[in-house]
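Working notes for the structure below.
Rule-based calculations on the coordinates, nothing more; no lab input. Not measured: the values here are computed from a predicted model. No Cβ is skipped: glycine too gets one built from the backbone with ideal geometry, and neighbour counts run over all protein chains shown.
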Amino acid sequence: MTEMFDFDREIDRSNSNSAKWGKYRNRDILPMWVADTDFAVAPEIQQALHRRADHPVFGYTETPAHLVELLVARMQHLYNWKIDPEWLVPLPGIVGALYLACRANGKAGDPVYLPSIIYPPFAKAPGFNAMINQPIPMDLRDQRMIIDLDWLEQQPGRPGQLLLFCNPQNPGGTVYQQEELQRLAEIVEQQDLILVSDEIHCDLILDRDKAHIPIGSLNPQIEQRSITLMAPSKTFNLAGLGCAFAIIPNPKLRRGMKVNPYIVPHVNLMGLAAAEAAYEFGDEWNRQQCEYLAANRDYLIDVINRIPGLQLDPIEATYLAWIDVSALALEDPMEFFENAGVGMSPGRDFGDPTHMRLNFGCPRSRVEQAVERICKAVEALD
């Protein structure tokens, strides 16, 4: 009999040193900003962490061979992508991997393509290496936000230039379709680019008629030009454990991403234990989580779009709602909604001050409470 998991359960994180909850400590503001969820992890993950904690030594740790086997099998099973174990590079996090990719594949002054609307650390990675952001305009078609492939195709490009890509898109939650990925791959090939693809939300697809496709899996040509970044952290709520991985078929690109312990720390041993348990036992838990998140998503889209001045387009993946507040003409949207008692991420940090990002990876009761507060505050503007 399949175990049913309780995503309605309220868990007190106020005294757990949570960054998400600590931001609004002692204030009546619902923390719905940074991208971690408020759900209890899958039981097998917690059990694995207990078993590892029972061992009294916590020294430097190698990547478990079984975890490598799980990842190789996962790519084959989910995406029909046959990867070699040596293509896998363990990393302590996706953001650090973006910084490392810029450092390894460019020099000061080099331009880097990246989406013009993207989560904040993503946009800061090139500047860390004194490289120059070259934002790709976003294309909104059929209520789906993707990078403007027409614009990108018209650019001259430079051999070896980096293109930082995010699929599913954060913010917005768009899942790129195969024909869109095929076209992007063709542009990358034509312009002789190197593609770094952040696919951390790949297991959080909310629409049953959508499927994630790693762009590196499309053909041997893009495979050799791509660095694919994935992690269990968003899917299985393990953000605090610092464990991610890159899939890099090209030996030259892979050498550049090998972790230098003097610059990038080794992967946390508890993160490795959690990742191993997540990928071996967590899929049923995540299936139920995605159903729960989809219901939260459906509720939000319905009620937000009935509030005058707000608009929420469909969300194909992630637990992050990208709400258009432009019609309210607010001087400071973040302050307005905080005063209403809802702490969201300001769109200005993502490149679009007309939006706010709301994290609905929490019990439905909190989503309903947030909507009630938002509705009351907007009504008071009249």
Peptide ranges 127-136, 162-171, 56-65 listed from the most packed, as the mean C-beta count within 10 angstrom indicates: 162-171, 127-136, 56-65
Gaussian network model of the chain, springs between alpha carbon atoms under 10 Å - residue of W87, W33, W151 with greatest fluctuation: W151
Span from the the stretch 303-339 Cα centroid across to the the stretch 1-64 one, whole angstrom: 28 Å
Point-to-point label distance, D192-W151, nm (Cα→Cβ direction, 7 Å offset): 2.5 nm
In nm, spacing of pseudo-spin labels at E331 and A73 (7 Å Cα→C-beta vector): 6.0 nm
Ranked packing of 291-297, 91-97, 68-74, most packed first, by mean Cβ within 10 Å: 91-97, 291-297, 68-74
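Run lengths n ≥ 4 of DSSP H only: what is the helix-derived mean residue ellipticity at 222 nm for the chain, with -39500 (n - 2.57) per run over all residues, to the nearest 500?
About -11000 deg cm²/dmol.
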Low-density loop cleavage sites - GluC sites (Glu not before Pro) in the stretch 330-382, where at most 11 other Cβ are within 10 Å (DSSP): E331
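Between D84 and N26, what FRET efficiency follows from the Cβ-Cβ distance if R0 is 56 Å, with the result rounded to 0.05? Numbers along the way, then the final one.
Values: r = 52 Å, r/R0 = 0.93.
It comes to 0.60.
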Y60/A40 FRET efficiency (R0 25 Å; Cβ-Cβ; nearest 0.05): 0.25
Interchain or long-range residues, amide H under 5 Å from I147's placed H: D139
GNM flexibility winner over the chain from S197, S226, S116 (Cα, springs under 10 Å): S116
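Counting Lys +1, Arg +1, Asp -1, Glu -1, what net charge surrounds W87 among other residues with beta carbon under 14 Å of its beta carbon? Walk me through the intermediate numbers first.
Details: positive: R74, K82, R225, K252, R254, R255, K258; negative: E69, D84, E86, E223.
Here the charged neighbours net out to +3.
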The stretch 142-156 - phi-based ³J(HN,Hα) in whole Hz, Karplus 6.51/-1.76/1.60, Gly and Pro as x: 6, 6, 10, 9, 9, 5, 7, 5, 4, 4, 4, 5, 7, 7, x
